[in-house]
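The values are calculated or read from the model by the stated rules, or taken from the named source; none is laboratory data. These numbers come from a predicted model, not from an experiment. So basically every Cβ, Gly included, is an ideal-geometry build from the backbone, and we count neighbours across all protein chains shown. In case anyone asks, the SASA skips ligands and DNA or RNA and just uses the protein heavy atoms, side chains included. Shrake-Rupley method; radii C 1.70, N 1.55, O 1.52, S 1.80 Å.
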Number of protein chains: 2
Amino acid sequence: MPHDAAIAELHSLLGDRLVTSDAERTLHGQNETYYPNTPPDAVAYPETTQEVSEIVKICARHNCPITPYGAASSLEGQHLALHGGISLDMARMNTVLRVSPEDLNCTVQPGITRIRLNEELRSTGLFFPVDPGADASIGGMAATRASGTTAVRYGTMRENILALEAVMADGTIIRTGTQARKSSTGYDLTHLLIGSEGTLGIITELTLKLQGQPETVSAATCRFDTVEDAVNCVILTIQSGLPMARIELLDHMMVRGFNAYAKAGLPEVPHLFLEFHGSPASVAEQVESFAAIAEEFGATGWQTATKAEDRTALWKMRHSAHYASAALGSGGHIWPTDVCVPISQLAEAVTQAQEDAVRLGLTSTIVGHVGDGNFHAGLSVDPENADEMARAHEFTHALGETALRLGGTVSGEHGIGIGKQSFMAQEHGPAVAFMRAIKQALDPQGILNPGKMLPSADLAAAAE
Amino acid sequence: MPHDAAIAELHSLLGDRLVTSDAERTLHGQNETYYPNTPPDAVAYPETTQEVSEIVKICARHNCPITPYGAASSLEGQHLALHGGISLDMARMNTVLRVSPEDLNCTVQPGITRIRLNEELRSTGLFFPVDPGADASIGGMAATRASGTTAVRYGTMRENILALEAVMADGTIIRTGTQARKSSTGYDLTHLLIGSEGTLGIITELTLKLQGQPETVSAATCRFDTVEDAVNCVILTIQSGLPMARIELLDHMMVRGFNAYAKAGLPEVPHLFLEFHGSPASVAEQVESFAAIAEEFGATGWQTATKAEDRTALWKMRHSAHYASAALGSGGHIWPTDVCVPISQLAEAVTQAQEDAVRLGLTSTIVGHVGDGNFHAGLSVDPENADEMARAHEFTHALGETALRLGGTVSGEHGIGIGKQSFMAQEHGPAVAFMRAIKQALDPQGILNPGKMLPSADLAAAAE
């Protein structure tokens, strides 16, 4: 077996928390998308930061790749051990270490998932707002710079982490940031690690900003004749400065998916799903202002959900978009992709994506966090169908090019991982060389999640 | 003259925009604090990014240090050419390149100052919210991760920059980020450059988030018997989630300074200066909620300023804190220092600072952006008085240690520069080695603002 020597040493360190069974390896090679199963050689389950450091030192001695693993909900293959080695499963490091209600922050281990974190926070009156839909691990959300439905109001992982503890490629344990809300000392290693997809360091602890649970929450849905009307309503809403907590677009295909998957019974036209947070007076004012804007764009079918269970049902449905998209196709797999554009370009980007899907004969839903200019296309694909996969690839490529042409980015929240490396040079140009220099400086052996984010130097040279 | 060869080549490139007169050199060696005049060997005035790149290439060939220079308002000597070489004065790169009202962003050159930027934005109904008091250059504010009075509501430079263009140490021009509001692609070079004090790259263009001018703005002041009462009022206000636009603490010494400098005629007890932004209904609600909290802590002397000219006068006075602090002492100089702590620790940090000043026989004001847990001490010093300077140094050191002990940072917004390098190891521990590795990777010759932020390796070794 490759990496025998490293695995033997890891076994001595971790005992039965170093697993090499086929079942565990296959489990850790799975993903929600179209990537083939990619098992690691072994799975390690550390329980402390010190253990993570020891594991990294062993792997460094043996040049054994380490792929951090959270809840396996990443959508560009970030958690797959592409070059073998070990999958570093953070599931046992899942504790809330400290909550400071008076400072509106908490410190957690990376393996805790966002739903459990919020359950543990409930009694404090606080919550952690970032909600990518999937019940992702907080460490994984940080590593992929995740965001989701509430980013329009509360920001992404980038805006919601005060401090990190991380194990670097030589096993050194570092702390970045403090519990203070801001600092101007030193290079911003916190933000360098956020979104680095486990390629620069392994996050072992996170200090998170928390929000007070809003006094009043109100959700609503409405529908539009055309996707342009819906998007233009969003654009004006954001430009008006309304502090929307959620503003999600579903195109007619996505609604069809929810009808198929969740028997939603919705008219198959574009919808917006909305949420408002604030004091009772503020929420009433927000709803009134939004309704006036929506009316300008011909919104109909206004439905509100002020009861908690109705809101839960609404967002549960929204969060099933991945599976609802799959329900539309015969292949059973989804090729999910996302882009983010300046909001003024949103209508063009969405309609271009719809046209591309039709042109390429693909079944695609569009759903998105449109308040940020971010949306997802979910292509139903059968990985066995090479022609369909080629067309899906062409769609993704065209969508990324559209986003770049419109001043945006090839991913608002899914990241680069395995799937979007070919865009790195296009989006970042000469900056890629400096990213590579940083990777080389911080992980000279290349043992941290190799094969992710940065295209291999060979590929990069070929592209030039 | 040192760096003769580089200066000769730069002269060929820039003509009379490369200045070596004593007057210009002395001007660029000045600062607002206690550092001695530190003139560069020459001052370069680039007009384009391409020129900055050419300048850097020339300096790289000759190992000539480059110190970026904005409005010279940095408070830890960041703009001083400590090792000679050239001062790169960005004053001629001061244009607003693009405003996109529909996307709430704009792109500017680094030399524009924040007041001029907001004058140019006025007709759009938008504004750039970060307000450090001084009329700093936007590039300098980014390079030092500045913030100020409005960060409690709108965030610091860290939260308000979407994208940068920068010239790296080898002359390469890179772009980081896009006009989209978020992205999960690539390492976050934007945030790595923000706060790097010109040591990793020279910022030549910035894309900034803008805010809609609030429909209603209301300012107010009130006073308290003790600084603990004032601080506890702030803590509860922030914990209650009130979206304060500004909430500034002035201790009794700061009020005395305003009385001396600006004939403010205020009772010499702790004050809060406040501002509220929002719709008329929202502002009314905020004021009412704040007033109820303030009353709990015995606030009196409530004065409001809804007229623009009254608010301007209020914040003009607040922004004169530096000079008002100087007015209290005989030395005519201010040793300004700042720390930032978790808000729950604010009362302890402020009272400790006051006690330390008394213990050390120093005249010090305290004023701060207390909604963030950030405050300034302004020590009146006479740089000729070695004993007083030693006590000021002891005060600054004690204040930094207090902040670290309370879970905070040795600077919320002034940065490290020359003055706080001795704290780097204490605050960042083993992370400093990785900062140094990044510096080495991105500027292997060490020509970008040498002597700033990172202690020299000799000093670091001695500290271990």
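Averaging the Cα positions of each part gives two centres, and for segment B:224-289 and segment A:364-404 these lie 51 Å apart. Interface residues of segment B:346-390, defined as those losing at least 40 Å² of solvent-accessible heavy-atom surface relative to the isolated chain (probe radius 1.4 Å), are listed as B:Asp372. For the pair A:Thr124 and A:Ala284, a Förster radius of 35 Å applied to the C-beta separation gives a FRET efficiency near 0.85, rounded to the nearest 0.05.
Could you please report the charge total around A:Ile138, scoring K, R as +1 and D, E as -1 over all other residues with beta-carbon less than 11 angstrom from its beta-carbon? Summing Lys and Arg as +1 and Asp and Glu as -1 gives 0.
At a probe radius of 1.4 angstrom, the accessible area of the protein assembly as shown per residue rounds to 34 square angstrom. Helix A:386-405 and the longest principal axis of the Cα set of chain A meet at an angle near 80°. For segment A:419-443, accessible area lost to neighbouring protein chains reaches 20 Å² or more, against the chain alone with a 1.4 Å probe, at A:Glu427, A:His428, A:Pro430, A:Ala431, A:Phe434, A:Met435, A:Ala437, A:Ile438, A:Ala441, A:Leu442.
As a quick test, which of the pairs A:Lys57/A:Lys420; B:Lys182/B:Lys420; A:Lys420/B:Lys182; A:Lys209/B:Lys209 have an alpha carbon distance above 23 angstrom in this structure?
Numbers: A:Lys57/A:Lys420 30 Å; B:Lys182/B:Lys420 33 Å; A:Lys420/B:Lys182 17 Å; A:Lys209/B:Lys209 21 Å.
Over 23 Å apart, Cα to Cα: A:Lys57/A:Lys420; B:Lys182/B:Lys420.
With label points set 7 Å from Cα along Cα→Cβ, the inter-copy distances at A:Ala281 are 0.9 nm, sorted shortest first.
May I ask for the accessible area buried between chains A and B, both sides summed, probe 1.4 Å, to the nearest 100 Å²? Let's see the in-between values first.
On the way: alone 18980 and 18990 Å², together 31890 Å².
It comes to approximately 6100 Å² buried between A and B.
Full extension of the chain between A:Gln50 and A:Lys316 yields a length gain of 92.0 nm, computed as 0.36 nm times the residue separation minus the alpha carbon distance. Could you give the angle, 0 to 90 degrees to the nearest 10, between helix B:227-239's Cα long axis and the longest principal axis of the Cα atoms of chain B? Helix B:227-239 sits at roughly 80 degrees to that axis. Label-to-label distance for A:Arg359 and A:Lys307 is 4.7 nm, based on points extended 7 Å past Cα in the beta-carbon direction. A simple rule links phi to the HN-Hα coupling: the Karplus curve 6.51 cos²θ - 1.76 cosθ + 1.60 with θ = phi - 60°, which for segment B:3-16 gives 6, 3, 5, 4, 5, 4, 5, 5, 5, 4, 6, 9, x, 6 Hz, with x for Gly and Pro. Annotation for segment B:139-207 versus segment A:303-341: alpha-carbon center distance of 35 Å.
Quick one: with all protein chains in place, what share of the accessible area of chain A is carbon or sulfur, to the nearest percent (1.4 Å probe)?
Values: 8090 of 15930 Å².
Here it works out to 51 percent.
Inter-copy label distances at B:Ala308, using a point 7 Å along Cα-to-Cβ, come to 4.7 nm with the shortest given first. Between the listed residues B:His397, B:Gly371, B:Asn385, the Cα displaced farthest toward the positive end of the dipole of segment B:358-398, a dipole computed from Cβ unit charges relative to the Cα centre, is found at B:Gly371.
By the Cβ-Cβ criterion of under 4.7 Å, the unpaired cysteines of chain A are A:Cys106, A:Cys222, A:Cys233, A:Cys340. Straight-line reach from B:Lys263: taking Cα to Cα under 24 Å and skipping same-chain neighbours fewer than 8 places apart, the lysines in range are B:Lys307, B:Lys316. Helix A:431-442 axis versus longest C-alpha principal axis of chain A: approximately 40°, rounded to the nearest ten.
Computed from the C-beta positions of B:Asp22 and B:Leu97, the FRET efficiency with R₀ = 30 Å rounds to 0.30. Between copies, B:Pro101 shows label-point distances of 4.6 nm, shortest first, with the point placed 7 angstrom from Cα along Cα to C-beta.
List the longest stretch of chain B that has no exposed loop site; here a site is one of the trypsin sites (Lys or Arg not before Pro) assigned by DSSP to anything other than H, G, I, E or B, with at most 12 other Cβ within 10 Å. Can you show the working numbers first?
Values: sites that count: B:Lys263, B:Lys307.
My reading of the result: B:1-262 is the longest stretch.
What's the local net charge at A:Pro214, with K and R +1, D and E -1, over the other residues with C-beta under 11 Å away? Net charge around A:Pro214: -1. Dividing the summed helix terms, -39500 (n - 2.57) for each DSSP H run of n ≥ 4, by the number of residues in the protein assembly as shown produces a 222 nm estimate of -11000 deg cm²/dmol to the nearest 500.
Pop the C-beta distance of A:Glu401 and A:Gln30 into the FRET formula with R0 = 30 Å and round what comes out to the nearest 0.05.
On the way: r = 30 Å, r/R0 = 1.01.
For A:Glu401 and A:Gln30, the calculated efficiency is 0.50.
Of all DSSP beta bridges confined to segment B:4-90, the antiparallel ones make up roughly 20%. When +1 charges are put on Lys and Arg Cβ atoms and -1 charges on Asp and Glu Cβ atoms, the dipole computed for the protein assembly as shown relative to its Cα centre reaches about 40 debye.
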